[in-house]
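Encoded as structure tokens, the structure appears first; notes follow it.
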Amino acid sequence: MEGRPRTPTQPYFCIDHYTHHGVYFMPDIEYGIFVWDREKEHRNRDRHGFLFTDAVQAFDDPFRLILFDRRHSDREIRFFCIGAVDESVITVRFTLREDKIRIIGAGCWRKWRQVYEEKKNLR
């Protein structure tokens with residue numbers, strides 16, 4: 001696909017070389033060292049109730065856990081960050097690309113909350 005990048009708030013137009021149709025793309029959101037897909041963030045909010053701008057706070061938790069995501073690492077190496085955000089313990093799925101942390105998804109799961117609480121109590 002061709003096209004020149006714009007500022008993060010502006011869509012840009014590209015020609016898809018497979019379909020030969022013009023399409024508009026919204027660039028990724030960059031937030032400090034974090035980056036994510038704008039549309040994926042909205043789907044994540046609808047499905048799990050978290051925006052990625054809130055989810056990145058899990059990385060600031062001094063008791064956070066970073067775990068390897070064996071199940072989803074077949075095409076690229078992925079990780080979980082499990083940490084507290086406000087009153088919730090959330091799990092953030094992410095990968096490292098170039099010099100950024102790319103957020104893939106975030107939500108609350110009982111299994112990871114239990115792991116977090118157990119590890120936190122051992123410290």
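Rundown of residues vs (1) surrounded by 12 or more Cβ atoms within 10 Å (Cβ to Cβ); (2) in a loop (DSSP other than H, G, I, E, B); (3) at positive phi, yes/no style:
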| residue | (1), (2), (3) |
| --- | --- |
| P62 | no, yes, no |
| L67 | yes, no, no |
| H72 | yes, yes, no |
| R75 | no, yes, no |
| I82 | yes, no, no |
| T91 | yes, no, no |
| I103 | yes, no, no |
| A106 | yes, no, no |
| R113 | yes, no, no |
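Can you confirm whether the stretch 35-58 contains a residue that is assigned to a strand (DSSP E or B), at pLDDT 80 or above and not hydroxyl-bearing (S, T, Y)? Within the stretch 35-58 (the criterion being assigned to a strand (DSSP E or B), at pLDDT 80 or above and not hydroxyl-bearing (S, T, Y)), the answer is yes, since at least one residue qualifies. Kindly evaluate M26 against the criterion of being loosely packed, with under 15 Cβ neighbours inside 10 Å, touching a Lys or Arg at 6+ places or on another chain (Cβ under 9 Å) and either modelled with pLDDT under 75 or among the aliphatic types (A, V, I, L, M) (or both). Judged against the criteria, M26 is a match.
Filtered by the rule that a residue be at pLDDT below 95 and under 15 Å from D60 (Cβ atoms), the stretch 102-119 gives a lone residue, Y116.
Checking each residue in the stretch 44-60 for being farther than 20 Å from D28 by Cα, surrounded by 15 or more Cβ atoms within 10 Å (Cβ to Cβ) and of a type in the set (D, E, K, R) picks out no residue at all.
The values are calculated or read from the model by the stated rules, or taken from the named source; none is laboratory data. From a predicted model like this one, the values you see are computed outputs, not experimental measurements. Here Cβ is always computed from backbone atoms with ideal geometry, including for glycine, and neighbour counts include all displayed protein chains.
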